Amino acid sequence: MSTALQSSVQAVAPPSQLRQKLLRAKQELCATVLGYEDEIEMMLLCLVADGNVSALGDPGTGKTLSMKALARVLGGSHYRRVQMVPDLMPADILGTEVWNKETGEFTYMHGPLNPLVNLFHADEINRTPPRTQAALLEAMEEKQFSVPGCTSQTKNTYPLHEVCLVLATRNAIDSVEGTYPLPSAELDRFAVELYFRRLSREKELEVVRKTSFARHSLAATQEGVLSITDIPSIRNEVESTVVCKERAFQYAENIIFATRPEGCPASLRKVFSKGVSVRAAQWALRLARVRAYMNGGTYVDPADIKHAMNFTLPHRLCIDEEKLYKGLTVQSVIAQLLSEVKIPTEI
């Protein structure tokens, strides 16, 4: 095997107290949501990397349970869940001004998305109209939200907590009627898309055994394994201990460039209607860096980037509809793409 295709072997750093907490949180979550180890790990990576999460899957696959379990292991966190129904308005998320008869003034009242929230769960986000979905766009990208004010004294922009993620769930089998597809600009703001597939028969039987007579399997999850105050410290530790070399930047850029007409491999020509944005590479690098830290590495390995791309690409790829009708799947395209793009040699 050529040097370019070999994955570098790096020494594993001794676990710090913070890294031990992160690994313990992963262990607790995987014990609660069975069969989705990669998806659970990616949720934790997003928590540290400050990225929003989109979860797609059939009903009953554990999407909502995963979000609630994450809030449970994160001690001191504020978790808010909103059912995104068709008649929901932006003010139902961001809050609004109400008339105070006692003071004779308008007073702003925060909604469920406010400066104290750490995990905002938009359940079945595609069941609410685009104007309501758009209420989350600023929060997802700029970690703040703006509201119209009735008076000049009203503050219009509010910063979110330094640890604040938008977690959105969607069912994969929804009919077109009654749902509103998320536009590409909104999907692009999610760091990853997690697909909760149906489990194998053996794994599903294990789930049935362990949860059929338990009122809530969430109760078995140990509360407060991590603290909300640990997350900024973990972010600082990742930044100071894990290096991202030029080789990693080149590899991430090569992958996203290969989704565009000018850089597409011959085997994938005419598959993509347009290429993905630079956010795919940025998030893959950020998540790969945290994954390297979680595994005790000291630099970003191409294998970490390759793994992250399986979650940062699915909701960003624009595949020609005719190819999809002929049986091509997003997962098979990503697998072929990652096999075609070679890992750069050491730079």
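Per-structure values
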{"read-out": "Where only C-alpha atoms are counted, convex hull volume of region 186-310 per residue in Å³", "value": "183 Å³"}
{"read-out": "P(r) weight above 19 Å for region 242-347, C-alpha pairs, percent", "value": "41 percent"}
{"read-out": "Rounded to 5, the percent of DSSP beta bridges in region 31-228 classed as antiparallel", "value": "30 percent"}
{"read-out": "Lys/Arg +1, Asp/Glu -1 at C-beta; region 242-347 dipole; positive extreme among Val341, Tyr325, Asn295", "value": "Tyr325"}
{"read-out": "Region 72-121: proportion of alpha-carbon pairs further apart than 12 angstrom, %", "value": "69 percent"}
{"read-out": "More than 18 angstrom apart: percent of Cα pairs within region 212-281", "value": "66 percent"}
{"read-out": "Coarse-grained scattering of the chain at q = 0.06, 0.09, 0.13, 0.15 Å⁻¹, given as base-10 log I(q)/I(0) from a Debye sum over alpha-carbon atoms", "value": "-0.24, -0.54, -1.10, -1.39"}
{"read-out": "Candidates Glu102, Glu253, Glu237: whichever shows maximal mean-square fluctuation once the chain is modelled as a Gaussian network with Cα springs under 10 Å", "value": "Glu102"}
{"read-out": "Using distinct alpha-carbon pairs, which all enter the 1/r mean, Kirkwood radius of region 7-101 in Å", "value": "16.3 Å"}
{"read-out": "Simple Cβ-charge dipole of the chain, Lys/Arg +1 and Asp/Glu -1, about Cα centre, in debye nearest 20", "value": "640 debye"}
{"read-out": "5 angstrom amide H check on Ser227, placed H, neighbours 5+ away", "value": "Gly75"}
{"read-out": "Candidate lysines for bridging to Lys26, where Cα separation is under 23 Å - those fewer than 8 sequence places away on the same chain excluded", "value": "Lys63, Lys68, Lys203, Lys210, Lys306"}
{"read-out": "Distant-in-sequence amide H partners of Leu194 (H built 1.01 Å from N, under 5 Å)", "value": "Ser54, Ala55, Leu56"}
{"read-out": "Taking the C-alpha atoms of region 56-154, convex hull volume expressed per residue in Å³", "value": "134 Å³"}
{"read-out": "Ellipticity estimate at 222 nm from DSSP helix runs (n ≥ 4, -39,500 (n - 2.57)) divided over the chain, nearest 500", "value": "-11500 deg cm²/dmol"}
{"read-out": "Where only alpha carbons of region 31-228 are counted, the Rg and the Dmax (Å)", "value": "18.3, 64"}
{"read-out": "Distant-in-sequence amide H partners of Gly95 (H built 1.01 Å from N, under 5 Å)", "value": "Gly111"}
{"read-out": "Max mean-square fluctuation residue, GNM over the chain, Cα-Cα springs under 10 Å, options Asp50, Asp304, Asp230", "value": "Asp230"}
{"read-out": "Fluctuation leader among Met294, Met109, Met140 - the chain, Gaussian network, Cα springs under 10 angstrom", "value": "Met109"}
{"read-out": "Share antiparallel - DSSP beta bridges, the chain, percent rounded to 5", "value": "30 percent"}
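Laboratory data are not the source of any read-out in this text; all were calculated from the coordinates shown. Remember, it's a predicted structure, so these values are computed and weren't measured experimentally. Methodologically, a virtual Cβ is constructed for each residue, glycine included, from the backbone with ideal geometry; neighbour enumeration extends over all protein chains shown.
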